[in-house]
Amino acid sequence: MGDLHAVDNLSSALRQVGHDHDVLSHPALGIANHRQTGDLFDVRREIETLVFVCGPILPGDQLADLLAVHRKARKIAVGVSVISRHPDIAARFDAILARDGLPKPSFDLAISCSQPCTTPSAGKRLKVGLCFRGSQQDYGKGMAEWAKAEKLLLQLSEMFDFETEPIDTVLRPGNEAVEIERQFETVDLILTTRLHGALYGLSKGKPVVAIDQVRGTGKVKPILDRIGWPLAYSIEEASESLLVSQMRRIMAEWPVAAVTNSQATILDLSAKARSRAVALITQA
């Protein structure tokens, strides 16, 4: 869902300045208002500038084929993660505006609006959204301690007797963006190992406890640190005692001001990132 909203937000910004473009997606996704194409080779002669939006730049066959097929096009990546162990694939782009991984990062493009943070009614059994990344190989084999991170967050939920709602942000038939957004809206807080789990939770006015499951940190903690959100932890520092103490603080005083401040920063950085991306894409 984060990828889809990043693409659509950038597309909207390009339309506002009158820059003609198509958004390409595979017919299997069935996304309205996109140009659906099953084979990017078929449109290679039409494309002057190819923009890869959101996600990590990884040396998989699909991205390598995409860049190879459109070898004469100007190639730009925006709102992406650049991973130091994969320099060769990143070097195949003519320009990159990264949300993380470069000395002067831009920001993620998925969030363009927010909802107020409200304090749950007294005595209510809280409902928590569990948004987990799961196994992850982007940063190298064994670098993601996902099982440990998920165990800590599940234990936290059990200790406080929260009602739980698993939230899967991966789009598929029966798990469309509208339904995923509804899940974020109907819980009271979010426990997550995903960047977009954290950003969507905050944008919906929900406090978030996030663990960056990548040793040495991947993108989750650095980006949440940039928006000033205090409840983001590296896998090295996360512990049962730390998480319990922080959850007690949340329960004692719902962090409305912290959520509201982080929302404002997310919207500001996202708007600036879109403006930079539009300027880069539309330049001669």
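The values are calculated or read from the model by the stated rules, or taken from the named source; none is laboratory data. On a predicted model such as this, the values are computed, not experimentally measured, just so you know. Cβ sites come from the backbone with ideal geometry, for glycine too, and all protein chains shown count toward neighbours. Note: accessible area is taken over every heavy atom of the protein model, side chains too, but ligands, DNA and RNA are not part of it. Shrake-Rupley method; radii C 1.70, N 1.55, O 1.52, S 1.80 Å.
Observations
- Count of residues meeting criterion [surrounded by fewer than 14 Cβ atoms within 10 Å (Cβ to Cβ) and either part of a strand (DSSP E or B) or not small (G, A, S) (or both)] in the range 1-28: 8
- Of all the residues in the range 36-66, those that are within 17 Å of H5 (Cα to Cα) and either open to solvent by 80 Å² or more (accessible area, probe 1.4 Å) or part of a helix (DSSP H, G or I) (or both) number 1.
Listed here are the residues, each with its yes/no results for (1) farther than 19 Å from D3 by Cβ; (2) modelled with pLDDT of 95 or more; (3) of a type in the set (D, E, K, R).
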{"site": "E179", "(1), (2), (3)": "no, yes, yes"}
{"site": "D188", "(1), (2), (3)": "yes, yes, yes"}
{"site": "T193", "(1), (2), (3)": "no, yes, no"}
{"site": "A198", "(1), (2), (3)": "no, yes, no"}
{"site": "P207", "(1), (2), (3)": "yes, yes, no"}
{"site": "T217", "(1), (2), (3)": "yes, no, no"}
{"site": "V220", "(1), (2), (3)": "no, yes, no"}
{"site": "D225", "(1), (2), (3)": "yes, yes, yes"}
{"site": "L231", "(1), (2), (3)": "yes, yes, no"}
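- Flag if L267 is touching a Ser or Thr at 6+ places or on another chain (Cβ under 9 Å), within 16 Å of G2 (Cα to Cα) and not acidic (D, E): yes
- Filter result (farther than 24 Å from I89 by Cβ and at pLDDT 95 or above) within the range 23-52: none
This table checks each residue for (1) hydroxyl-bearing (S, T, Y); (2) in a helix (DSSP H, G or I); (3) touching a Gly at 6+ places or on another chain (Cβ under 8 Å); (4) surrounded by 18 or more Cβ atoms within 10 Å (Cβ to Cβ).
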site: K124; (1), (2), (3), (4): no, no, no, no
site: Y139; (1), (2), (3), (4): yes, no, yes, yes
site: G142; (1), (2), (3), (4): no, no, no, no
site: Q183; (1), (2), (3), (4): no, yes, yes, yes
site: I190; (1), (2), (3), (4): no, no, yes, yes
site: I211; (1), (2), (3), (4): no, no, no, yes
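- Total residues in the range 270-284, condition surrounded by fewer than 20 Cβ atoms within 10 Å (Cβ to Cβ) and within 16 Å of F107 (Cβ to Cβ): 7
- Filter pass, R133 being within 26 Å of P255 (Cα to Cα) and either basic (K, R) or loosely packed, with under 15 Cβ neighbours inside 10 Å (or both): yes
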